[in-house]
Amino acid sequence: MDNLPLHVFIISSIVKILIIAHLLIIGVMAMIWSERRVSGWMQDRLGPNRVGPQGLLQPIADGIKFLFKEDLIPNHVDKPLYVLAPVMLLVPAMIAIAVVPFGSSMTILGHEIPLQIADINIGILYILAITSLGVYGVVIGAWASNNKYSLLGGLRSSAQMISYELTLGLAIIGVLMLTDLPDEILTKLGDDEVNPLSLRHIAYAQGVHSWNILVHFPAFLAFTTAMFAETNRLPFDLAEAEQELVAGYHTEYSSMKFAIFFMAEYMNMIVGSAVVVTLFLGGWHFFGLEAIGGPFWSGVISFAILFVKTGVFLFVFIWVRWTLPRFRYDQLMNFGWKFLLPVALTSIVVTGTLYIATNGNRLWIGIGNVVAAFIVVAIVAGMLAMDNNSKSAVQSTPAAAPLRGLDAVE
Amino acid sequence: MNPEMILFFIFGAVSLIGAIAVISFRHPIYSALSLIVTFFAQAGLFVLLGAHFVAAVQVIVYAGAIMVLFLFVIMLLNLGTLSAKGALTGKLKGVAIVLGILLAVQGIYIAVNALKNTALQDAEAATETVTTYTIGELLFSKYLLPFEVTSLILLAALIGVIVLVKRENQTEN
C-alpha cells in the first residue's frame with residue numbers, strides 16, 4: 001500500500017488493472033454463454049451447443065457476427081449523442097470495479113501487494129457515484145434515437161434508477177455503522193483508524209465478525225433488489241420490455257453499438273455481484289479457507305473464493321430472470337417507494353438504536369433487524385390494503401397510469 | 001510544476017469549457033450534458049483539495065440525481081432548439097447586462113487578490129484529507145443549528161410538492 005516503493009506500486013497497479021479489465025470482458029462472454037445455456041436448462045431445452053464444446057465458443061461467434069454487421073446509423077438520429085451513448089454506458093460499468101477488493105493480499109518478490117486496484121477512502125460512495133452515472137447512457141441513447149419506443153424506455157429507466165438509487169444508498173448505512181476492526185489488523189493494513197467507507201475494511205471486518213448478511217438480512221434483500229433494478233434486469237427490465245417497447249432504449253442500435261449496450265449490462269451485473277459479495281457475503285472469506293497456504297497462495301485462494309461467490313451470485317441473476325414475471329410500471333414504483341425504502345430506513349434506525357442499547361451485540365441487532373422489517377412490511381401492506389378498499393368503495397379501481405403526462409411527448 | 005498543479009489546470013479548464021458550453025449550445029439536452037461535465041470537473045477540484053467526500057457527494061447528488069431529473073423534464077417536454085432572437089428582450093436584457101458586469105467585477109477582484117496573496121500556494125499547504133468522520137462530527141456539533149434548519153427547509157419543500165400534486169389530482173377527478 002503506502003509502504004510500497006513507487007516502481008513496484010506502478011507496475012503492480014498496471015498488472016492488476018490489466019488482469020481485472022480482461023477478467024471483466026471474459027466474464028461478460030462467460031455470462032452470455034451461461035445465460036443462454038442456463039435459460040435453456042430452465043426451460044427444458046438445449047440452448048446453443050454447436051459452436052465449440054458445449055457451445056462454449058458461441059460468445060466469440062456472436063462477437064464476430066456483431067463486428068461484421070453493417071453499422072447502421074438511422075437518418076433522423078442526433079448523431080453525436082447517438083454514437084456517444086453506448087460509451088457513456090460502458091465506461092461507468094468498467095471503472096466501478098476499481099475499488100472492489102478481489103482478495104486479501106499477495107506477497108510477490110518480498111512485496112506485499114493488496115489485491116485491489118485502488119483503496120480510496122470513500123470506496124463505497126465512489127461505487128454509488130459511478131453506478132448512478134450509468135443511467136445517462138440509457139437516457140441519452142434513448143433520446144438520440146428519435147424513436148418513441150426508445151424514448152419511453154429511456155424515461156422509464158431514468159425514473160426507475162432515481163427511485164431505486166435511494167434504497168441502494170440507504171441499505172448500506174447499517175453495514176457501515178457496524179464496521180470495526182481490531183488493532184492488529186489495522187496495523188497490518190497500515191491504517192490509523194477504521195474507515196467504514198473502504199470496501200477493504202468492510203471485507204476484513206467480516207473476517208473478524210460474522211458475515212454482514214446475518215446481521216443485516218433485510219438490508220441485504222433491499223440492496224440486492226435495488227441492484228436488480230439498477231442493472232435493468234428482470235423483473236425490473238421495463239426500459240426494454242419487448243412486448244411493449246420493441247427493445248426499449250436500444251431499438252435503433254445495431255452492430256457493435258448494440259453489442260456495447262449488451263456488454264455494459266453484463267458488466268454492471270458482474271460489478272454489482274462483486275459489490276454485494278463484498279458488502280454482505282463476507283468478501284473473500286470462507287470459514288478460514290482463505291488463510292490456508294503461505295503469503296502467496298492465501299492471496300490466490302482468497303481471489304478464487306471471491307470469484308466463485310460472485311459466480312454463484314451471477315447464477316442467481318439468471319435464475320431470478322426465469323422465475324419472476326416483469327413488474328407493471330406502477331407496481332415497480334409502489335414497490336420501490338413503499339416497501340424497499342421503508343425497509344432500508346428501518347434497518348438504519350434499528351441498527352443504530354440496538355447498537356447503543358445492546359452494546360453492539362450483533363445477534364440482537366440481527367434479530368431486531370428482521371423483526372422490525374417484518375413489522376414495517378406488514379404495516380405498509382395493511383395501509384395499502386385499506387387504501388384500496390376505500391377507493392374501490394367509491395369507484396372502480398382506476399387503470400394504471402404509467403407515466404402521466406406522456407401525451408406531451410407527442 | 002507538480003502533478004497536482006497540472007491536474008488543477010486541467011480540471012479548471014474543463015470546468016470552464018463546460019460552463020461556457022452550457023450557455024452556448026442551442027439545444028437544452030446538450031446544455032444539460034455540458035453542465036454534467038462541469039460538475040465532474042468540479043468534483044475533480046474537490047478531490048485535489050482533499051475533500052473526497054464532497055467530491056463523491058457532488059457526483060452522486062448533482063451529476064447522478066438532479067441532472068437526470070433535468071434530462072427527464074427536457075425529454076418529456078420535448079424542448080426544441082432555442083432561436084437566437086427573442087431569448088433576451090426588453091427589461092431582461094438590462095438586468096442581464098447589470099448582472100454580467102457585477103459578475104465580471106467580482107471575478108476580476110478575486111483573480112487580482114489571488115495573484116497578490118499567492119492564495120494558490122496557501123491552499124496547497126492547507127490541503128489535508130477531510131474524512132467523513134470529521135464532517136459528521138462538525139455537522140452534529142459546531143454546525144448543528146444550520147444543519148437542522150436546512151433539513152427543515154428541505155422537509156417543507158417536500159411537503160409542499162406533495163400538497164401541490166395532490167391538489168392537481170383532486171381537480172382531475
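A few notes on this one:
- Counting only protein heavy atoms and using a 1.4 Å probe, the accessible area of B:GLU137 comes to about 100 Å².
- Per residue of B:43-53, other chain Cβ atoms within 10 Å of the residue Cβ number 1 on average.
- For the range A:252-365, size of Cβ-based charge dipole, Lys and Arg +1, Asp and Glu -1, in debye: 200
- Sequence-distant contacts, meaning Cα pairs under 8 Å at least 6 residues apart, place the relative contact order of the range A:6-330 at 24 percent.
- From helices alone, chain A scores -21500 deg cm²/dmol at 222 nm; the rule is -39500 (n - 2.57) for each run of n ≥ 4 DSSP H residues, then divide by the residue total.
- Springs join every pair of Cα atoms under 10 Å in this Gaussian network model of chain A, and among A:PHE68, A:PHE217, A:PHE258 the largest mean-square fluctuation is at A:PHE68.
- Taking amide H positions as modeled 1.01 Å from N, with prolines and chain starts lacking one, the residues under 5 Å from A:ILE108 and 5 or more places away or on another chain are A:ILE113.
- Chain A: most fluctuating residue of A:LEU324, A:LEU234, A:LEU340 per GNM, C-alpha cutoff 10 Å: A:LEU324
- Debye intensity ratio in log₁₀ form over the Cα atoms of the range A:27-92, taken at each q of 0.13, 0.16, 0.24 Å⁻¹: -0.55, -0.73, -1.00
- Within straight-line reach of A:LYS257, meaning a Cα separation under 25 Å, sit the following lysines at least 8 residues removed in sequence or on another chain: A:LYS65, A:LYS69, A:LYS79, A:LYS148.
- Evaluating kT/(6 pi eta Rh) at 20 °C and 1.002 mPa s, with the Kirkwood radius of chain A over Cα pairs in the Stokes-Einstein relation, gives 93 µm² s⁻¹.
- GNM top mover of A:PHE313, A:PHE223, A:PHE280 - chain A, alpha-carbon springs below 10 Å: A:PHE313
- Selection among A:GLY207, A:PHE236, A:HIS7 by position relative to the dipole of the protein assembly as shown gives A:PHE236 as farthest towards the positive end (Cβ unit charges, Cα centre).
- Taking every alpha-carbon pair in the range A:44-143 and binning the separations at 10 Å intervals from zero gives 12, 22, 24, 29, 11, 1 percent.
- The charge dipole of the protein assembly as shown, taken about its Cα centre with unit charges on the Cβ atoms of Lys, Arg (+1), Asp and Glu (-1) only, comes to about 1340 debye.
- Rounded to the nearest 20, the size of the Cβ-charge dipole of the range A:6-330 about its Cα centre is 940 debye, with Lys and Arg at +1 and Asp and Glu at -1.
- Projecting the Cα atoms of B:THR132, B:LEU103, A:VAL100 onto the charge dipole of the protein assembly as shown (Cβ charges, centred on the Cα centre) puts B:LEU103 farthest toward the positive pole.
- Averaged over A:154-162, number of beta-carbon atoms from partner chains that fall within 10 Å: 3
- Charge-dipole axis of the protein assembly as shown as Lys and Arg at +1 and Asp and Glu at -1 on Cβ define it, positive-most pick from B:VAL47, A:MET333, A:ALA372: A:MET333
The values are calculated or read from the model by the stated rules, or taken from the named source; none is laboratory data. Being a predicted model, the structure only gives us computed values, none of them experimental. All Cβ positions, even for glycine, are placed from backbone atoms using ideal geometry, and neighbour counts span all protein chains on display. Heavy atoms of the whole protein, side chains included, go into the accessibility calculation; ligands, DNA and RNA do not. Shrake-Rupley method; radii C 1.70, N 1.55, O 1.52, S 1.80 Å.
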